[in-house]
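The values are calculated or read from the model by the stated rules, or taken from the named source; none is laboratory data. If you're wondering where the values come from, they're calculated on a predicted model, not measured in any experiment. FYI the Cβ positions are ideal-geometry reconstructions off the backbone, even for glycines, and counts take in every protein chain you see. All accessible areas refer to the heavy atoms of the entire protein, side chains included, with ligands and DNA or RNA removed. Shrake-Rupley method; radii C 1.70, N 1.55, O 1.52, S 1.80 Å.
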Amino acid sequence: MVKAIRVHELGGPEVLKWEDVEIGEPKDGEIRVKIKAIGLNFIDVYFRKGVYKVSAVPYTPGVEAAGVVNAVGPGVTGIKVGDLVAANVMGAYAEEQILPAEKVVPLPSSIDPILAASVLCKGMTAQYLLRRCFKVEPGHTILIHAAAGGTGSLLCQWANALGATVIGTVSTKEKAAQAKDDGCHHVIIYKEEDFVTRVNEITSGKGVEVVYDSVGKDTFEGSLACLKLRGCMVSFGQSSGTPDPVPLSAIAVKSLFLTRPTMKHYNVTRDELLEAAGEVFANVESGFLKVRVNHTYPLSQAAQAHADLESRKTSGSVVLIPDGC
């Protein structure tokens, strides 16, 4: 038996329950990992609320964790007990987790579990958004919402390094300072000024090549308005709620492109997974990406961490630590 967070019904943070669960032994092609750190992501909130569907209830939430292999099932090669690994697989809010060996990535010696748990999912999200979904190039002007969040912070740093002019939106002056430090050339505090008007001023009416929008309902229409002719709207989250339906005429006005990407569709094969994770870890090791682990909570207090994330009390990465680690 190990401790884990379990969800028996969909709802608010209060549905996250700290319980005993049976873990068992790894089967063919599986490994068991003693979790050292768990990344908190908005996708965890989406599953908890029912925005994204889980296969069955009750379930253990969490899609990002790092730890030490403590058992290896039959047929597994290249992984041994004692190895440090990380994975983006549902069920991470637990002291131990059974994982498909093909879904884990090895950790470089310089990347500890807390750092890995704070950057793997968010870093791989930034990687596919900037390098494959819409390929950001020198000279592009881009808009990133929630620029001080875990993914937003990495997007700003990476886009700046790629030679783009980065515009970011945030909710407070404190978050504006962080976004500036992360490479935003222009920071908009959306509670104090209209971001559409400000983007129009910054770009002299031309608009931006691409908008990376993880906010959803509150920003969606404005994001479309910020795009230049043939611009690309990348909607990859909905922290404020699901956007209203968009008529084709809304994107025909400027011949816009609209995509709602999902990371799993950009990392279908193991080669794609290892390449994406390897690029993220290499950029962290070289100092190309600075990971902000701004908040840690005991895993048993996951409900409080969720409440703080939803109320925008956090910035950077949030990590849950299993009790006793």
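Before we move on, is SER55 on the phi < 0 side of the Ramachandran plot, out of contact with any Leu (no Cβ under 9 Å at 6 or more places or on another chain), in contact (Cβ under 8 Å) with a residue 24 or more places away in the chain and surrounded by fewer than 18 Cβ atoms within 10 Å (Cβ to Cβ)?
On the way: on the phi < 0 side of the Ramachandran plot: yes; out of contact with any Leu (no Cβ under 9 Å at 6 or more places or on another chain): yes; in contact (Cβ under 8 Å) with a residue 24 or more places away in the chain: no; surrounded by fewer than 18 Cβ atoms within 10 Å (Cβ to Cβ): yes.
No, not satisfied.
Yes or no: THR169 assigned to a strand (DSSP E or B) and polar (S, T, N, Q)?
On the way: assigned to a strand (DSSP E or B): yes; polar (S, T, N, Q): yes.
Spelling it out, THR169 is indeed assigned to a strand (DSSP E or B) and polar (S, T, N, Q).
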Open item on the list: Tell me whether the stretch 134-157 contains one or more residues that are aliphatic (A, V, I, L, M) and over 22 Å from GLY237 (Cα atoms).
Closed with: no
Task: Complete set of residues in the stretch 48-78 that are in contact with a Cys (Cβ under 8 Å, 6 or more places away or on another chain) and among the hydroxyl-bearing types (Ser, Thr, Tyr) - done: none
Open item on the list: Among the listed residues ARG48, ARG6, identify the single one that is crowded, with 20+ Cβ neighbours inside 10 Å, charged (D, E, K, R) and more than 21 Å from THR269 (Cα to Cα).
Closed with: ARG48
Task: Complete set of residues in the stretch 271-310 that are open to solvent by 40 Å² or more (accessible area, probe 1.4 Å), touching a strand residue (DSSP E or B) at 6+ places or on another chain (Cβ under 8 Å) and not in a helix (DSSP H, G or I) - done: ARG292, VAL293, ASN294, HIS295, THR296, PRO298
Open item on the list: I'd like to verify a number: residues in the stretch 22-54 that are in contact with a Phe, Trp or Tyr (Cβ under 6 Å, 6 or more places away or on another chain) and part of a loop (DSSP other than H, G, I, E, B), how many?
Closed with: 2
Task: Positions within the stretch 172-197 being closer than 18 Å to LEU155 by Cβ, in a helix (DSSP H, G or I) and open to solvent by 30 Å² or more (accessible area, probe 1.4 Å), in sequence order - done: LYS175, ALA177, LYS180, ASP181
TODO: Kindly indicate whether any position in the stretch 230-243 is at negative phi and among the basic types (Lys, Arg).
DONE: no
Task: Checking ASP308 against (1) in contact (Cβ under 8 Å) with a residue 60 or more places away in the chain; (2) in contact with a Ser or Thr (Cβ under 7 Å, 6 or more places away or on another chain), the condition it does not meet - done: (1)
Open item on the list: I need the full set of residues from the stretch 79-94 which are crowded, with 21+ Cβ neighbours inside 10 Å and not small (Gly, Ala, Ser), in order please.
Closed with: VAL85, ASN88, TYR93
Open item on the list: Criterion first (within 23 Å of VAL51 (Cα to Cα) and either open to solvent by 30 Å² or more (accessible area, probe 1.4 Å) or basic (Lys, Arg) (or both)) does SER255 satisfy it?
Closed with: no
Task: Residue that is most open to solvent (accessible area, probe 1.4 Å), among those in the stretch 16-30 that are under 25 Å from SER317 (Cβ atoms) and touching a residue at least 60 places away in the same chain (Cβ under 8 Å) - done: TRP18
Task: Residue in the stretch 254-262 that is under 19 Å from LEU120 (Cβ atoms), out of contact with any strand residue (DSSP E or B) (no Cβ under 9 Å at 6 or more places or on another chain) and either of a type outside the set (D, E, K, R) or modelled with pLDDT under 95 (or both) present - done: yes
Open item on the list: Please go through the stretch 99-137 and give me each residue that is of a type outside the set (Val, Ile, Thr), in a helix (DSSP H, G or I), under 16 Å from SER214 (Cβ atoms) and at pLDDT 95 or above, ordered by number.
Closed with: GLY123, MET124, ALA126, GLN127, TYR128, LEU129, LEU130, CYS133
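Of everything in the stretch 242-287, what is basic (Lys, Arg) and farther than 30 Å from ARG230 by Cβ? Give them in sequence order. First the steps, then the outcome.
Our first condition is that a residue be basic (Lys, Arg); within the stretch 242-287, this holds for 254, 260, 264, 270.
ARG270 - this is the single residue of the stretch 242-287 that is basic (Lys, Arg) and farther than 30 Å from ARG230 by Cβ.
If you scan the stretch 134-159, which residues turn out to be open to solvent by less than 10 Å² (accessible area, probe 1.4 Å), more than 14 Å from GLN178 (Cβ to Cβ) and without any contact (Cβ under 8 Å) to a residue 60 or more places away in the chain? Spell out the reasoning first.
Quick first cut of the stretch 134-159, residues open to solvent by less than 10 Å² (accessible area, probe 1.4 Å) only: 136, 142-145, 147-148, 152-156, 158-159.
Narrowing further to those that are more than 14 Å from GLN178 (Cβ to Cβ): 136, 142-143, 145, 158-159.
Once the filter is applied, which keeps residues that are open to solvent by less than 10 Å² (accessible area, probe 1.4 Å), more than 14 Å from GLN178 (Cβ to Cβ) and without any contact (Cβ under 8 Å) to a residue 60 or more places away in the chain, the stretch 134-159 yields only ALA159.
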